[in-house]
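S.K.: Shown below is the structure under consideration.
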Amino acid sequence: MSADSKQPQPSPEDRAAATADAASLLLCNARLTDGRTVDVRLGGGRIEAVGTAGSLAAVGARVDLAGYLLLPAPAEPHAHADTALTADSPGPVSYAPEDVQRRATEAALFQLGHGATAQRAQVRIGDVHGLGPLEAVLQARRSLRGLVDLTAVAVPRLLTGAAGADGLAMLRDAVKMGAGVVGGCPDLDPDPTGYVEAVLEVAAEHGCPVDLHTDGEDPARLARLAAMAGGLRPGVTIGPCAGLGRPAPDAARRA
């Protein structure tokens, strides 16, 4: 029997505690938005404790923020992953899967460099490209797991009439593939109300949030859209509503 085997060995609980201590981080002298200066202890990916400055003991690493403002990580609520970083590209944009995946990954990492750990990526589906761009963005999401929480929004062009039948089927396939949000632009469909109804139906079937693009120039149409979407429990985002800058200020405020 070796000498080492005679020594007391740490229990599994002690080893777990030691690992937790090593992963613990104390942020000292952090300024909050209300002006308070506090200590914040992090562990296991969560906030364990918040106390007045100097009140918390460091278990693991310690960083003195010296009064710098401490905020939650920002989120990017609206980016177009399939066409990201193409503004200066000569010629037509390439939708080859490897190019879309590369651009989506680079754009997500660029935003992460500015602190955005949660990102929502709009991805067009249908037409000649089908579901290829979405699959490429989902592959980028898998490669970024642990760094960025990237959510893909499936954005079909048409959903009503004979021309929209394929788009509706493809939207359902997109959700099954892994799109976490159902999106679209009802303003571009011949039947905007029918488009919204189709999106809400698919979202309700799968329990997905909705993210709709609309100009929002007509307050009455915007109100109808909001009324239709108001009952969807996972949540509805409507934007960018740039048209709200055109009606009279009172009408825009009511909308």
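S.K.: In nm, to one decimal, how far is the modelled label at Val128 from the one at Phe110, with both set 7 Å along Cα→Cβ?
M.R.: Result for the modelled spin labels: 2.5 nm.
S.K.: Determine the per residue accessible area of region 75-245 with all protein chains present and a 1.4 angstrom probe, expressed in square angstrom.
M.R.: Working: 8230 Å² over 171 residues.
About 48 Å² of surface per residue is accessible.
S.K.: What length, rounded to one decimal in nm, is gained on full extension from Glu197 through to Ala87, with 0.36 nm per residue of separation minus their alpha-carbon distance? Could the numbers behind the result be given before it?
M.R.: Values: separation 110, 0.36 × 110 = 39.60 nm, distance 3.34 nm.
Extra length available between Glu197 and Ala87 comes to 36.3 nm.
S.K.: Further question: Extension gain Arg36-Ala165, at 0.36 nm per residue separation less the Cα-Cα distance, in nm? Could you put the intermediate results ahead of the total?
M.R.: On the way: separation 129, 0.36 × 129 = 46.44 nm, distance 5.63 nm.
Extending this stretch completely gives an extra 40.8 nm.
S.K.: Could you calculate the contour length gain from Ser143 to Leu188, that is, 0.36 nm times the residue separation minus the distance between their Cα atoms, to one decimal place in nm? Mind dumping the intermediate values first?
M.R.: Numbers: separation 45, 0.36 × 45 = 16.20 nm, distance 3.31 nm.
That works out to 12.9 nm of additional length.
S.K.: Could you give the distance between the Cα centres of region 32-91 and region 130-187, to the whole Å?
M.R.: 30 Å
S.K.: Among 207-215, 157-165, how do they line up by average Cβ neighbours within 10 Å per residue, starting with the highest? Before the final figure, lay out each step's value.
M.R.: On the way: 207-215: 19.7, 157-165: 16.6.
In decreasing order of mean packing, 207-215, 157-165 become 207-215, 157-165.
S.K.: Quick one: divide the alpha-carbon radius of gyration of the chain by 2.2 N^0.38 Å and tell me what you get.
M.R.: Working: Rg = 24.3 Å, N = 255, 2.2 N^0.38 = 18.1 Å.
Its radius of gyration relative to the 2.2 N^0.38 Å reference: 1.35.
S.K.: Taking every DSSP beta bridge with both residues inside the chain, roughly what % is antiparallel (nearest 5)?
M.R.: Numbers: 12 of 39 bridges.
Of the beta bridges lying entirely in the chain, close to 30 percent run antiparallel.
S.K.: Determine the percent antiparallel among the DSSP beta bridges restricted to region 23-64, to the nearest 5.
M.R.: Values: 11 of 15 bridges.
Expressed as a percentage, antiparallel bridges in region 23-64 total about 75.
S.K.: Count charges around Thr105 for me, please; just the other residues with Cβ under 13 Å from its Cβ, Lys/Arg as +1, Asp/Glu as -1.
M.R.: Result for the local shell: +1.
S.K.: Once the Cβ-Cβ distance between Asp64 and Asp250 is put in as r, and R0 is 35 Å, what FRET efficiency do you end up with, to the nearest 0.05?
M.R.: Working: r = 51 Å, r/R0 = 1.45.
For R0 = 35 Å, the calculated efficiency reads 0.10.
S.K.: Give, as a single signed number, the net charge of other residues whose beta carbon lies under 15 Å from the beta carbon of Gly115, with Lys and Arg counted +1 and Asp and Glu -1. Please list the in-between numbers first.
M.R.: Working: positive: none; negative: Glu76, Asp149.
Surrounding charge for Gly115 is -2.
The values are calculated or read from the model by the stated rules, or taken from the named source; none is laboratory data. If you're wondering where the values come from, they're calculated on a predicted model, not measured in any experiment. Quick reminder, even Gly has a Cβ in these numbers, built from the backbone with ideal geometry, and neighbours come from all protein chains shown. Ligands, DNA and RNA are excluded from the accessible area calculation, which covers all protein heavy atoms including side chains. Shrake-Rupley method; radii C 1.70, N 1.55, O 1.52, S 1.80 Å.
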